[in-house]
Each structure stands twice: as C-alpha cells, then as structure tokens.
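All remarks here apply to the structure that follows.
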Amino acid sequence: MNELGTDYEEELEAFLIWMKDAGFTAYTQKSYLADVREFLGSLNGRSLESVKKLQVVSYLTSVRERGVSDATRNRKHASVNCLFKALIELEMLTTNPAAGIKKSKTEKNREPVYLDEVDLQRFLSAVEGKYRSRNLAVFLLMSYMGLRVGEVHTLNLSDYNAERLTLRVFGKGRKWRNVPVPEAVAPFLQQALNERLTPWLSKEEAMFISQKGRRLSIRGIQGIAADTFSRFQREVPTVHRRPYSSHKLRHSFATMLLRKGADLRTVQELLGHSSIQTTTVYTHITSREKEEAMSRLQVQLEPFI
C-alpha cells in the first residue's frame, strides 16, 4: 500500500463533510475514513475518475486474502461505495465503480456467542482494579440493559433519570430510545456516578470518564472488557476459551430476555434494532433445550411394538 501524502486530499475532505452532513456518528466517520484511505492507497496514485470496478474488486480480494471476516470485507465495501456515492452527490464524480459488487455471504443463523446467567455473574466478579465501580456499571449497562459499546461511550450525565430509573440512549441511525434501569442495577450506576473521575474539562458531560480525564472511548471500553474476559477465562485451557468481547454482553442480555419469555417486538425495542429481522438472530435454542422439550413428549408406542 502506498502512502497517500497529499493525494486525494480534496476527495477525503469532501467525503468527511458529506458524512457529517448525513449524520454519521464520529465512530462511523473514523471507521469509513480508515477503510477509504486503505482503498485509496491501493490505487497507486490512479485518479478516481479512471477507477473501474476491477480496481475495487481487486482491493476487496486483497482484503480477503489477509484473512478478514466476511462482515469486515462487506464493511470495507460499504465504505468505498459510500465514498463514490458522496463524490457523485457533491458533483465531483459521475460514476460509482463500487456499485453492483456483490456482498460476501455471511453465515446466517449462526448462534451468537453469549454468557448464560451463571457465567455472567462470574464475569462481573472478575471486574477489579482502581476503576472497578465505573467498569462494573459499564458492563451492567451492556449485559442487563443491552447497550452497545458506542451507546455507552456517548452517554451523558443528563441521560440518566434517577427518579424514574430510565436511561436515554442515543443509538444507531441517530435514534433515541428510553431504556428502563433495573432496580438491581441502579445502585451500581449511582455508585459509579458518585465516584466519577474528575474530567479534564469542567464542562465535560460524559457519564464515564477515562483516567486521562476525557470521555471513556470505545476502544477503552473494549480494552477493559478484553482484560476482564481474560481474567474470567484464566482457568480455562487456551484451546477451550471462547471468543468473548464487549459486544457479547449485549448478546447475553437479548438471550436472557427471550428465555424468560419476552416477546420479540419488546426485545427489538430494547435493543434499538430498526428491523425485527436483526433481533431474530437471538432466538437460538441450545441442544439441551431441544432435548428437554423432546423429553416432555409422552410418546406411547408400546401398542405398536
């Protein structure tokens, strides 16, 4: 990959302006810009007007050869497609060579990795250290209220109503939703707020502050989760360790709700999914549950034997 230098500087600036105007979150802007810079680096200085579908497919192929997942490959395709779409709308280009390229087939109906309630308790017990109250509150918001990492990151002090026990969450698609705070979670959240670190800027409204005095970043939350999951699986042989991450806490929340009889539409609302199809991935049933269901059948076959 070539260093971009000042190549494509105007196009990158225009793309960023377009994303901001379209309401993309800061996290999405950063991710898409990183993907697009990588793509532009693969062009070896070729002008964007002369880019054909072949160059886009070639880039995506090289990405796959590095061993990234289908989902990551599809995200990089979406980033490049967005770049050309933006430049066309801004009248800087006339064609989109990334349009019409097929997505990689991701594995459908794959059971999400999640923790059951016993493992979740063990995971929360593995939260330790100087910032335990903050980190515990963060994990409780994900595992017992279904928040995404990015949603925890954007929380402000004013989003929590301690009287009504509700949390106002700014989710994907720039949509707000109100999530009830379970009574058991409220004391831990309040303790984290009472022990909130002093922010570097006095006007900082972030609910969770890093040790550097800034809003706790998405990468910071993911790192804290990775460390905690590492302690959680310390006694498990390496070959049997599961690929847990901060997002798996959200999977655990959805799974617990459905197993306790919550209807799919309610779970959709709590998770902030725009489509109920996204929520159906959590309706997975374990082999044990299948066996238990089958054992309830009173099959009388003796008269036929």
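Per-structure values
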item: Where W200, W176, W18 fall by accessible area, highest first, once all protein chains stay in place (1.4 Å); result: W200, W176, W18
item: Degrees between helix 70-89 axis and first principal axis of the chain (Cα, 0 to 90, nearest 10); result: 40 degrees
item: Protection-proxy order for peptides 177-189, 219-231, each taking the mean of Cβ atoms within 10 Å per residue, highest first; result: 219-231, 177-189
item: Heavy-atom accessible surface of the stretch 85-194: percent carbon and sulfur, 1.4 Å; result: 48 percent
item: Straight-distance crosslink candidates among lysines, where the alpha carbon sits under 20 Å from K130 and sequence neighbours closer than 8 are dropped; result: K212
item: Mean ellipticity per residue at 222 nm, deg cm²/dmol - from DSSP H runs of n ≥ 4 across the chain, formula -39500 (n - 2.57); result: -15000 deg cm²/dmol
item: Accessible-area order (highest first, 1.4 angstrom probe) of the listed residues D7, D159, D119, D21; result: D21, D7, D119, D159
item: Interchain or long-range residues, amide H under 5 Å from L147's placed H; result: M142
item: By accessible area with a 1.4 Å probe, ligands and nucleic acids excluded, highest first: order of K130, K76; result: K130, K76
item: Positive-end extreme of charge dipole, the chain - chosen from A262, A192, N178 (charges on Cβ); result: A262
item: Average accessible area per residue (Å²) across the stretch 75-191 - probe 1.4 Å, nucleic acids and ligands excluded; result: 55 Å²
item: All lysines inside 21 Å of K85 as judged from Cα atoms, apart from same-chain residues fewer than 8 positions distant; result: K20, K30, K52, K53, K76, K102, K103, K172
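The values are calculated or read from the model by the stated rules, or taken from the named source; none is laboratory data. This is a predicted model, so every value here is computed, not measured. Here the Cβ is made from the backbone with ideal geometry for all residues, glycine too, and neighbour counts use every protein chain on show. Only protein heavy atoms, including side chains, enter the accessible area calculation; ligands, DNA and RNA are left aside. Shrake-Rupley method; radii C 1.70, N 1.55, O 1.52, S 1.80 Å.
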